[in-house]
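The values are calculated or read from the model by the stated rules, or taken from the named source; none is laboratory data. Model, not experiment: these values are computed from the prediction. As a convention, Cβ positions derive from the backbone with ideal geometry for all residues, glycine included, and neighbour counts pool all protein chains shown.
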Amino acid sequence: MVIKPKVRGFICTTAHPEGCKAAVKAQIDYVKAQPHSEKGPKKVLIIGASMGYGLASRISAAYSYGAATLGVIFDRAAAGSRTATSGWYNTAAFEEFAAADGLYAKTVNGDANSKEVKDKVIEMIKSDLGKVDCVVYSLAAPRRTAPDGTVYSSVLKTVGESYTNKTINLKDKTVSDITVEPATEEEIRATVKVMGGEDWKLWIEALKAENVIEDDAVTVAYSYIGPKITHPMYADGSIGKAKDDLFAASKEITEKNGIKAYISVNKALVTQSSAAIPIVPLYISILYKVMKEHGVHEGCIEQMNRMFNQKIYSESVITDEEGRIRMDDLEMQEEIQSEVDKLWAEISTENLSDHADLDGYWEDFYKLFGFGIDGVDYDADTDQNVRIPSVEE
Ligand code: NAD
């Protein structure tokens, strides 16, 4: 069928298999063309491997070091005239390219928070890989079912007081004020349950208990800090509390299990998850403009390739004083942030296109779903039924 984008709110309900494949190929080609550190992981488990930072981590590990990758995804195959999710198409494409390049790549499709998926992954590591030497934890989800069956939902709210600042309506391209209300204690606790470190710890403990993780393995989970304007909403908000818990989990994993656990603070980028956070998309659109003008803009693949090759697997792991890997180093540079501040203060509906890179925002948004990619014929009849070679449907 001919597949066109259908945007509803923060998401696109269709995805294009050929577009996703071309986007994955472009990321692979990027990594292949970069110099690689001598050290590197050989057997990598990526939890949340189908989109955004997790997919870019998988591609970087596989194509920097020839690493075998086992990915955990939570995606949907096509059904009737409904397309598969873009994460499904990305994973199918990645496995296909990896196989052609002689690389091991298998995937488990299911809820990474569940015991069933953990057991399945452990079984696959035992039979195929022996032990993994690197675990990437890159989940972003609105809810989580905990081991006792309780379903927790996260909220994107402030903590303590409400916060009013500018936000963008991406559809009608207007800037207006938004007030974000504070989360209740219960909402904060639930957000920590969903996006905090509990499940990451459960993963590492399960891998350790079954002896399928090397003693000198590295594990990394992703976080964000950002500038002051986003703090009430992000770093100091309900999601920030969850990220504090994730950071605490990194220390606990290292102390209890001896595995070197890190938080990598990544750059703000358009992904399916960040699009849903109030205030942040306007910040991202301004940031894109400033970073592109300074020639320092990066996407997920540039970030993750740099993280593996220059921060984790360099001579020694490069962190800040608190032990965090800082992939937001370029974003947080004084000259970038002072320009963002100036544009933020001035921005309004009238000057939006001068002050922010809205086209860049939308371009990245459509690309997440495989649309707007050079060389793809979007008028052509396309088969939406694509198999992921290692996943049974
Ligand atoms: P994303 O939405 O692009 O990717 C999230 C991935 O998690 C997807 O592959 C999704 O399928 C998978 N997933 C979600 N729930 C799952 C489940 N239950 N089981 C298995 N897989 C599941 O998001 P992203 O922006 O790449 O976020 C990844 C991490 O990076 C998050 O921790 C996020 O907070 C962090 N981060 C994001 C940004 C940003 O600006 N996008 C910046 C810094 C840090």
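Evaluating residue 94 against the criteria (1) more than 12 Å from the ligand (Cβ to nearest atom); (2) out of contact with any Ser or Thr (no Cβ under 6 Å at 6 or more places or on another chain) leaves one unmet condition, (1). When 347, 318 are screened for being at pLDDT 95 or above, β-branched (Val, Ile, Thr) and touching a Leu at 6+ places or on another chain (Cβ under 8 Å), only 347 passes.
Taking region 224-274 as the range and being under 19 Å from the mean Cα position of the chain (by Cα), among the basic types (Lys, Arg) and farther than 25 Å from residue 208 by Cα as the test, the residues that pass are 241, 267. Only one entry in 268, 275 is surrounded by 21 or more Cβ atoms within 10 Å (Cβ to Cβ), near the ligand (Cβ under 9 Å from one of its atoms) and touching a residue at least 60 places away in the same chain (Cβ under 8 Å), namely 268. Scoring residue 392 on the criteria (1) assigned to a loop (DSSP other than H, G, I, E, B); (2) closer than 29 Å to residue 106 by Cβ; (3) in contact (Cβ under 8 Å) with a residue 60 or more places away in the chain leaves a single failure, condition (3).
Just one of the listed residues (60, 81, 64) is more than 16 Å from the ligand (Cβ to nearest atom), in contact with a helix residue (DSSP H, G or I) (Cβ under 8 Å, 6 or more places away or on another chain) and among the hydroxyl-bearing types (Ser, Thr, Tyr), namely 64. Scoring residue 200 on the criteria (1) over 21 Å from the mean Cα position of the chain (by Cα); (2) touching a residue at least 60 places away in the same chain (Cβ under 8 Å) leaves a single failure, condition (1). Looking at 99, 112, just one residue is within 25 Å of residue 23 (Cα to Cα) and either at pLDDT below 95 or more than 12 Å from the ligand (Cβ to nearest atom) (or both), and that residue is 99. Taken over region 209-261, the residue count meeting the criterion of being within 16 Å of the ligand (Cβ to nearest atom), closer than 30 Å to residue 70 by Cβ and assigned to a helix (DSSP H, G or I) is 11. Selection within region 216-244: residues that are closer than 26 Å to residue 333 by Cα and of a type in the set (D, E, K, R). The member of this set that is surrounded by the most Cβ atoms within 10 Å (Cβ to Cβ) is 243. Could we say that residue 282 is under 23 Å from residue 51 (Cα atoms), part of a helix (DSSP H, G or I) and aliphatic (A, V, I, L, M) here? Answer is yes for this residue. Of the set (1) in a helix (DSSP H, G or I); (2) touching a residue at least 12 places away in the same chain (Cβ under 8 Å), all apply to residue 338 but (2).
The residue list 153, 138, 114, 127 contains one member that is in contact with a strand residue (DSSP E or B) (Cβ under 8 Å, 6 or more places away or on another chain), of a type in the set (Ser, Thr, Tyr) and either farther than 30 Å from residue 185 by Cβ or free of Cβ contacts under 8 Å to residues at least 40 places away in the same chain (or both), which is 114. Screening region 341-371 for residues that are buried (at least 18 other Cβ atoms within 10 Å of the Cβ) and either in a loop (DSSP other than H, G, I, E, B) or among the polar types (S, T, N, Q) (or both) and picking the one that is farthest from the ligand (Cβ to nearest atom) gives 347.
When the residues of region 122-153 are filtered to those that are under 21 Å from residue 66 (Cβ atoms) and of a type in the set (A, V, I, L, M, F, W, C), the one that is nearest to the ligand (Cβ to nearest atom) is 136.
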